[in-house]
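Asker: The structure follows.
The values are calculated or read from the model by the stated rules, or taken from the named source; none is laboratory data. All of these numbers come straight from a predicted model, not from anything done at the bench. Quick reminder, even Gly has a Cβ in these numbers, built from the backbone with ideal geometry, and neighbours come from all protein chains shown. Heads up: the accessible areas ignore ligands, DNA and RNA and are worked out on the full protein's heavy atoms, side chains in. Shrake-Rupley method; radii C 1.70, N 1.55, O 1.52, S 1.80 Å.
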Amino acid sequence: PLLLTDPWLIGSTYWRSWWFQHYPNKEQLAELGKSKYVYITHEHMDHFHPPSIRKLGTEPTYLAPELPQEMIAQYLNDKGFNTKVLPPLTWHKLHDQLSVLSIPLPNDDSVLLLNTPTAFIVNINDSKPRPYQIKRLRAFIDAEVRGDKKVIVLSSYSPASIVNSFRKGTNMEVVSLRDKKSYVHYLSGLVDQLGADYFMPFASQVIFYRSDSAWANEYKVSYDDLQKYWKAKSTQLCRPYSKIDLETFEIDYLPESDYYRDEETIRAKVNKQQELEAGVSFSDEDVEALRKKLSFSLFWIPMLFRRGIGFITDDRELTYKPWRRKMVEGIRNPSFSLMIPPQALKDVLMTGHFADLGITMFTLIIINGRINPKLVYVFFLLIALHDYRHLWSFGNFAKWFRTSLRLNKWRIPKLT
């Protein structure tokens, strides 16, 4: 094996919330550990999973995109792994038959292009490029690839955000911003734009096991949903856990009846996690840490959420008042409230990845009738920019802004 991307291969992520539909066996894990290179598209835990990386070991060279505040390679270097940061929009030859090109995006994600003798592979993962960027990529494919090679697109295809996490009213009525059909239609349009021959489902084969996130299983996009709503007639839809032979383009896949996961062990670990969290309290020191985290914005947070932001944990209710930059006890008519297990809230304040709370599926957002739920996305966008240090100083912001402008037009060099 030459290249592995985004290895989450064992265990769970997001506080025992996310688990796989199917896990590789010991022989497959051993084979994956022989990979010469491992590329990490971005820092989210279902793509950059330290337990899986420890399992793979130190033999591979770990590749990272050149993000404005690069942390992936830095973290792995500190842990003793061999790393390399790939300069963007440059072809890097990893093997006589494999070259790759990394495109960082302003949301601290990246697209990876792979050129092989018979196939051109576009790994979009969770990155959601803009339509004009996809058009530029299509122009490149038409000029450099079309006719000589098959085009394969990989992308996530199921919600991994707060899109279904909104609740309103005393009965906690669900407010869903996107349905399953919209995800599949987006993908169909994407592969149509790129003129893809194959679409490989990627990074979405999960089951939510925590009692406070199991509700999200109902909103997952399944392969049946992909089939039902698929509109891209010229692109072959592959099944999850497929394998494409890049010489014959025969496709093999693992049938769902052969998926393996140890349900007994999973449920035992989930129960243990929730038992441990049951005794956790959100202390006054934690309240102060939360206040400091939210005080990074002197203008946007107060302007957008002038009535404040509420926080509901198992043992405490708080409201952040942004104009005064104060935290007060109780839910005091905020613009919206976040319902979060206290351990997860404590952890993100320690690690600095507050925006991860929007991915867990156990974070619920309680809205009143006067706020547009889309503004909550703006909140998570702003706090993610702070998580990634872009708002720590004017210099950091300027570097992020310049980098975003420089890479925005996707000037992809010709293949050599």
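Asker: When you scan the range 181-193, do you find a residue that is of a type outside the set (S, T, N, Q) and part of a loop (DSSP other than H, G, I, E, B), even just one?
Answerer: no
Asker: Could you tell me which numbered condition Y75 fails, if it satisfies all but one of (1) of a type in the set (F, W, Y); (2) under 16 Å from the mean Cα position of the chain (by Cα); (3) open to solvent by 30 Å² or more (accessible area, probe 1.4 Å)?
Answerer: (2)
Asker: Need at least 2 residues that are open to solvent by 70 Å² or more (accessible area, probe 1.4 Å) and without any contact (Cβ under 8 Å) to a residue 60 or more places away in the chain per element, so show me which strands (runs of 3 or more DSSP E) inside the range 245-347 make the cut, counting only ones lying wholly within it.
Answerer: Values: elements: 251-253, 309-312, 317-321, 326-329, 336-339.
Ranges flagged: 251-253, 326-329.
Asker: Specify which of the listed residues (S165, S176) is surrounded by 21 or more Cβ atoms within 10 Å (Cβ to Cβ), in contact with a helix residue (DSSP H, G or I) (Cβ under 8 Å, 6 or more places away or on another chain) and either without any contact (Cβ under 8 Å) to a residue 60 or more places away in the chain or more than 21 Å from Y388 (Cβ to Cβ) (or both).
Answerer: Among S165, S176, only S165 is surrounded by 21 or more Cβ atoms within 10 Å (Cβ to Cβ), in contact with a helix residue (DSSP H, G or I) (Cβ under 8 Å, 6 or more places away or on another chain) and either without any contact (Cβ under 8 Å) to a residue 60 or more places away in the chain or more than 21 Å from Y388 (Cβ to Cβ) (or both).
Asker: Quick one: which strands (runs of 3 or more DSSP E) lie wholly within the range 1-100 and hold at least 1 residues that are farther than 25 Å from T363 by Cα and at pLDDT 95 or above?
Answerer: Answer list for the range 1-100: 3-5, 37-39, 61-65, 82-86, 92-95.
Asker: Moving on to the next point. I124 versus (1) within 19 Å of Y62 (Cα to Cα); (2) within 24 Å of the chain's Cα centre (by Cα); (3) open to solvent by 10 Å² or more (accessible area, probe 1.4 Å): which is the lone unmet condition?
Answerer: I124 satisfies every listed condition except (3).
Asker: With the requirement that a residue be aliphatic (A, V, I, L, M), open to solvent by less than 40 Å² (accessible area, probe 1.4 Å), under 20 Å from F48 (Cβ atoms) and within 23 Å of the chain's Cα centre (by Cα), what does the range 78-99 give you?
Answerer: L86
Asker: What pairs come up if the first residue lies in the range 16-32 and is basic (K, R), the second is assigned to a loop (DSSP other than H, G, I, E, B), and their beta carbons are under 9 Å apart, counting only those six or more places apart or on different chains?
Answerer: R16/Y209; R16/R210
Asker: Something else about it: With touching a helix residue (DSSP H, G or I) at 6+ places or on another chain (Cβ under 7 Å), open to solvent by less than 10 Å² (accessible area, probe 1.4 Å) and farther than 22 Å from F20 by Cβ as the only criterion, which of A232, A196, A216 stands out?
Answerer: Answer to the selection: A232.
Asker: Something else about it: Might you check whether a residue that is under 30 Å from E27 (Cβ atoms), aromatic (F, W, Y), part of a loop (DSSP other than H, G, I, E, B) and under 24 Å from the mean Cα position of the chain (by Cα) occurs anywhere in the range 229-239? Explain how you work it out, then say what you get.
Answerer: Pass one, the range 229-239, residues under 30 Å from E27 (Cβ atoms): 236-239.
After this cut, where a residue has to be aromatic (F, W, Y) as well, the list is none.
Within the range 229-239 (the criterion being under 30 Å from E27 (Cβ atoms), aromatic (F, W, Y), part of a loop (DSSP other than H, G, I, E, B) and under 24 Å from the mean Cα position of the chain (by Cα)), the answer is no, since none of the residues qualifies.
Asker: Kindly provide the set of residues from the range 357-416 that are within 30 Å of D142 (Cβ to Cβ) and either open to solvent by less than 20 Å² (accessible area, probe 1.4 Å) or β-branched (V, I, T) (or both), ordered by number.
Answerer: T403, L407, W410, I412, T416
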